[in-house]
Each structure stands twice: as C-alpha cells, then as structure tokens.
1. Within the range 116-131, which residues are in contact with a helix residue (DSSP H, G or I) (Cβ under 9 Å, 6 or more places away or on another chain) and either open to solvent by less than 30 Å² (accessible area, probe 1.4 Å) or outside any helix (DSSP H, G or I) (or both)?
2. Identify, by number, the condition in (1) surrounded by 15 or more Cβ atoms within 10 Å (Cβ to Cβ); (2) among the charged types (D, E, K, R); (3) in a loop (DSSP other than H, G, I, E, B) that Lys80 doesn't meet.
3. Checking the structure you have, find out if any residue of the range 85-95 is among the hydroxyl-bearing types (Ser, Thr, Tyr), assigned to a helix (DSSP H, G or I) and open to solvent by less than 50 Å² (accessible area, probe 1.4 Å).
4. Being in a helix (DSSP H, G or I), touching a helix residue (DSSP H, G or I) at 6+ places or on another chain (Cβ under 9 Å) and of a type in the set (S, T, N, Q) is the filter here; which residues of the range 157-215 pass it?
5. Quick check on this structure: which one of Leu52, Leu75, Leu62 is under 16 Å from Ala129 (Cα atoms) and among the aliphatic types (A, V, I, L, M)?
6. Scan the range 175-190 residue by residue and report those that are charged (D, E, K, R) and modelled with pLDDT of 90 or more.
7. Residues of the range 192-224 being over 19 Å from Gln102 (Cα atoms), modelled with pLDDT of 90 or more and open to solvent by 80 Å² or more (accessible area, probe 1.4 Å), which ones?
Amino acid sequence: MLAATDGARPLRILMVDDHEMVLHGIRAMLTHHQDAVQIVGTATTLDDAFALVRREQPDIVLSDVRLGKDSGLDLCRRIKQAHPSIHVVFLTVYDDEQYLYQALRAEASGYILKRVDGAELVARLQQVADGEIVIDGSLAGRVALSAARLSAGEFWPGAHLGLTQRESEVLSLLVASHSNKAVAAKLVVSEDTVKTHIRSLYRKLEVSDRGGAIAVALREGLFA
C-alpha cells in the first residue's frame, strides 16, 4: 500500500468515465491505497464532471479521453481555463500518440493506459501532484522517437497538432484547393476514405469546415 508522502493528506481524486463499471473497478483498485488517495466523486458526463470539479475542487481529475458523446479533452480544457491549479490525468485504453499529443496541448499532466495496477497508478498521481508530467511507458518511447525525427527534419507538418502523416497529406491538398475527388485520385484512395481523414483532421484542429482547416494550416505555417 502506498501512503501519502511526508505525512501529507491523501490526494483528492475526481474520476470521470462514461462506463460505470470502469469507475467501480478503479475505485475498488484504489481502496487499497486510502492513505494516499481519496475519491471525492465520480461522473460519467462532461457537464456532471465539471459541476463536481467546481464543488469539490479536487487535486487531480482522472478522466478517460473519450466520454461517450463528450470529449475528455474538452473537459480538460474547461478545467484548466477555470481552475488552472487542478491537474488532469487521462486514464484510457487508447494507446495512440495522437491522443497523447492532443492531451498535452490541452495542458493535461498525465496520460496513462488502463492496464496500470493500483500501486503504479497512485505513484504516478503522486508524481503529478509534485509537478511532474507523466506518460505511460509504452508511449514514452514513441514520443522520444517522434522528437528525434522532428529534430532531424524527418517529421511531417501538423504532427505537433496531432495529425497523422496521411491527414497531413490530405490537409496539404486541401490548402492547394483540391476537391475531395482530386485528393482521392492523388492519394489513390476512395472518396469515403478522404472524407474520413477530413473529419478526423477537423476534429483535431478544432474546426468545422474546410476554410477553418486551411486557416489553421496557414496560421501555423504548415505549408508554404
């Protein structure tokens, strides 16, 4: 059992996940570490979570990246805007560096995969409370490789915004005023595939249309 360090009070944790069974499982896992962490509330939706944050003022919000129709990334942004001292840590099954990049852009303090055990989770939360940024070990290596590629000029435009290489290729063609049909022909894929990539890059760039995506690309200097 991990205890709070130096006689400090337990960390006050608010848990957010759209699956009640997951919340019960995490709570059960953390009951073995009550000297180190205290669960002050659980929520399954963004609005309920934010209301609890205002009321409980936890030290750390432990949230999934996806919350059904809601987004844990949106929750993180709202929390950091209204309560900058509250840490947000993502606990998720999504082993995807693109989600990680978006989480860090949203000012999250951690990104941990749900295969973690109770003792390790508590240790990571204590690191966050001490001001560290924690990243699951399986993703940390990929992030380091990405950084090495970036410094070597081997990365693609938009990677720092969470875009995949193919999404970056699609965006570059949108900037060049290609239609969906022309993009599909250039990349030798179907128009449906192009539409899927476009929807994804809209979500990641936080825009709703082609003009917005092009504006972000130009503002960020992604393409000459």
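1. Val116, Asp117, Gly118, Leu121, Val122, Asp130
2. The single condition Lys80 does not satisfy is (3).
3. no
4. If the condition is that a residue be in a helix (DSSP H, G or I), touching a helix residue (DSSP H, G or I) at 6+ places or on another chain (Cβ under 9 Å) and of a type in the set (S, T, N, Q), then Gln165, Ser168, Ser172, Asn180, Thr193, Ser200 are the ones that fit.
5. Selected residue: Leu62, the only one of Leu52, Leu75, Leu62 that is under 16 Å from Ala129 (Cα atoms) and among the aliphatic types (A, V, I, L, M).
6. Lys181, the sole residue that qualifies.
7. Result: Asp192, Lys195.
The values are calculated or read from the model by the stated rules, or taken from the named source; none is laboratory data. Because the structure is a prediction, the values reported are computed rather than measured. Please note: Cβ atoms are built from the backbone with ideal geometry, for glycine as well, and neighbour counts cover all protein chains shown. These area figures cover heavy atoms from the full protein model, side chains too; ligands, DNA and RNA do not enter into them. Shrake-Rupley method; radii C 1.70, N 1.55, O 1.52, S 1.80 Å.
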